[in-house]
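The structure appears below as structure tokens.
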Amino acid sequence: MKKVKLKVPATVANLVCGFDILGMAVHDPYDEMEFRLLETPDIIIQHTDSFGLPEEPSKNVAGIVLLKIQEHFNLKNGFEVIIHKHIKPGSGLGSSAASAAGAAFGANILLGNKLSKEEMVHFAMFGEELASGVRHADNIAPCIYGGITLVKSTDPIDIIPLNSPDLFVTAVHPQVEVKTSDARQILKKNISLKSAVEQWGNIAGLVAGIEKNDFPLIGRSLNDVIIEPVRSILIPKFDEIKEKSLQIGALGGGISGSGPSIFMLSEQKETAEKIAHMMELVYNEIEIESFVYVSKINPTGIQIVEEN
């Protein structure tokens, strides 16, 4: 294999109460990544977007992943990667994870599928560490595995693919910046036992609801008593959007990753589209540009578009 082109999806991490352990792939937005295996050991990164991301491999999320894979296999070959990024960095929709997971996935194909999914997650986490300072996998895992995933452990890596309920996802990305590193720094270092027990119940209920296709249980479990109360202050109109979404008929939702994007789950496409319209109106009223996406849960994750 000499060339491969991938479609790499956005992801929603945490799923409200599952901080750093739950994640979900969606269909829209997505990045496009083109890979070519080189006969020289060079790592060449090229961005076609206007986000100003570094192209030096050691400072680029995809580049660092490729360097780690190259080092692991003691490769004499290198990689050229062209990244068409549509998932805006700092959106809370897994932009860095898309680049990192896409790099591990693309390199694996070019090398003849030497890596397992767990090993691809392992290498992709180096990209997340570069981006946020933390080796987390809640975005990477659903990107690679597809659907909804539970990260039981990152050391050792233990990823559990969950059922993908037939639900619609509405996500709004207001054009304000929330850096993942900053969103982590404001979190409380200690929590009460009462809050922890309530959170554990919500996580267990959410996983059970996902596995049983029990939509009312999913809705009752989409509640975060630890992270959301702190992070939501960084997102304009968060409380209003959540309240109005529930009134329209959403099962529930909350902050996507570290924000500022907000996601909501709905049983019907009509409900999801009504929520999308409301989200646009709320941000238009305060003159904040926003991008709104409506899609279903993406069961496959990264897709191969072309290979030769």
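The values are calculated or read from the model by the stated rules, or taken from the named source; none is laboratory data. Note that the coordinates shown come from a computational prediction; the quantities given were computed from them, not determined experimentally. Neighbour counts are summed over all protein chains in view; Cβ atoms, including those assigned to glycine, are modelled from backbone coordinates with ideal geometry. Please note that ligands, DNA and RNA were not included when accessible areas were found on the heavy atoms of the full protein model with its side chains. Shrake-Rupley method; radii C 1.70, N 1.55, O 1.52, S 1.80 Å.
Across every pair of non-identical alpha carbons in segment 178-308, the mean reciprocal distance, once inverted, gives a Kirkwood radius of 16.5 Å.
Segment 152-217: Rg/Rh from Cα coordinates, Kirkwood Rh?
Details: Rg = 16.0 Å, Rh = 15.5 Å.
Over the Cα atoms of segment 152-217, Rg/Rh equals 1.03.
Taking amide H atoms as placed 1.01 Å from N in the peptide plane, the amide H of ILE21 lies under 5 Å from those of ASN14, each 5 or more residues away in sequence or on another chain. Applying the criteria of a DSSP loop state and at most 16 other Cβ atoms within 10 Å to the trypsin sites (Lys or Arg not before Pro) of segment 25-118 yields LYS76, LYS114. Each stretch of four or more DSSP H residues adds -39500 (n - 2.57); spread over every residue of the chain, this sum gives -11500 deg cm²/dmol at 222 nm. Among the GluC sites (Glu not before Pro) found in segment 11-119, those both in a DSSP coil and sparsely packed, with 13 or fewer other Cβ atoms within 10 Å of their Cβ, are GLU39.
The phi-based Karplus calculation (6.51 cos²θ - 1.76 cosθ + 1.60; θ = phi - 60°) puts the 3J(HN,Hα) values of segment 194-204 at 4, 5, 4, 5, 5, 5, 4, x, 5, 5, 4 Hz, whole numbers, x for Gly and Pro.
Can you tally the net charge around LEU162? Count Lys and Arg as +1, Asp and Glu as -1, for every other residue whose Cβ sits under 14 Å from the Cβ of LEU162.
Details: positive: LYS152, LYS212; negative: ASP138, ASP158, ASP166, GLU211, ASP214.
Once all neighbours under 14 Å are counted, the net charge is -3.
How much net charge surrounds HIS86 when only the other residues with a Cβ under 12 Å from the Cβ of HIS86 are counted, with Lys and Arg +1 and Asp and Glu -1? Value of the local net charge: -1.
The simple spin-label model puts a point 7 Å past each Cα toward its Cβ; for ASP182 and ASP166 those points are separated by 4.2 nm. Between GLN70, GLN247, GLN46, the Gaussian network model of the chain with springs among Cα atoms under 10 angstrom shows the greatest mean-square fluctuation at GLN247.
Averaging the inverse of every distinct alpha carbon separation and then flipping it gives the Kirkwood radius. What is it for segment 103-201, in angstrom units? Display every interim value, and only then the final one.
On the way: mean 1/r = 0.0624 Å⁻¹.
Answer for segment 103-201: a Kirkwood hydrodynamic radius of 16.0 Å.
Dimensions of segment 38-95 along the principal axes, based on C-alpha atoms and rounded to the nearest Å, stand at 35, 19, 14, largest first.
If the chain between TRP200 and GLU118 were fully stretched, how many nm would it gain, using 0.36 nm times the residue separation less the Cα-Cα distance?
Numbers: separation 82, 0.36 × 82 = 29.52 nm, distance 2.53 nm.
Separation in residues times 0.36 nm, less the Cα-Cα distance, equals 27.0 nm.
What accessible area per residue comes out for the chain, rounded to a whole number of Å², with a 1.4 Å probe? List each step's numbers first, then the result.
Values: 13340 Å² over 308 residues.
Per-residue value: 43 Å².
Of the solvent-accessible surface of the chain, computed with a 1.4 Å probe and all protein chains present, 49% belongs to carbon and sulfur.
Size of segment 22-128 from its Cα atoms: along the principal axes, largest to smallest, the extents are 36, 30, 19 Å.
Take the Cβ-Cβ distance between VAL305 and LYS189 as r, set R0 to 41 Å, and report the resulting FRET efficiency rounded to the nearest 0.05.
Details: r = 44 Å, r/R0 = 1.06.
The calculated FRET efficiency here is 0.40.
The mean of 1/r over all distinct Cα pairs in segment 198-269, once inverted, gives the Kirkwood hydrodynamic radius of 12.6 Å.
Summarised as an ellipsoid, segment 74-157 has semi-axes of 19, 17, 12 Å, derived from the eigenvalues of the Cα gyration tensor scaled by 5 and square-rooted, with the largest first.
Note down the Stokes-Einstein diffusion coefficient of segment 121-160 in µm²/s, whole number, using a Kirkwood radius over alpha carbon pairs, 4 °C, and 1.567 mPa s. Write out the running numbers ahead of the final one.
On the way: Rh = 10.0 Å.
Result for D is 130 µm²/s.
Modelled spin-label separation between ILE233 and GLN46, with each label point placed 7 Å from Cα along the Cα-to-Cβ direction: 4.7 nm. Working from label points 7 Å from Cα in the Cα-to-Cβ sense, the GLU270 to GLU56 distance is 5.6 nm.
Within the listed set LEU206, LEU22, LEU53, the Gaussian network model of the chain (springs between alpha-carbon atoms below 10 Å) gives the highest mean-square fluctuation for LEU53.
By DSSP, what percent of the beta bridges with both residues in the chain are antiparallel, rounded to the nearest 5? So the antiparallel bridges amount to about 90 percent of the total.
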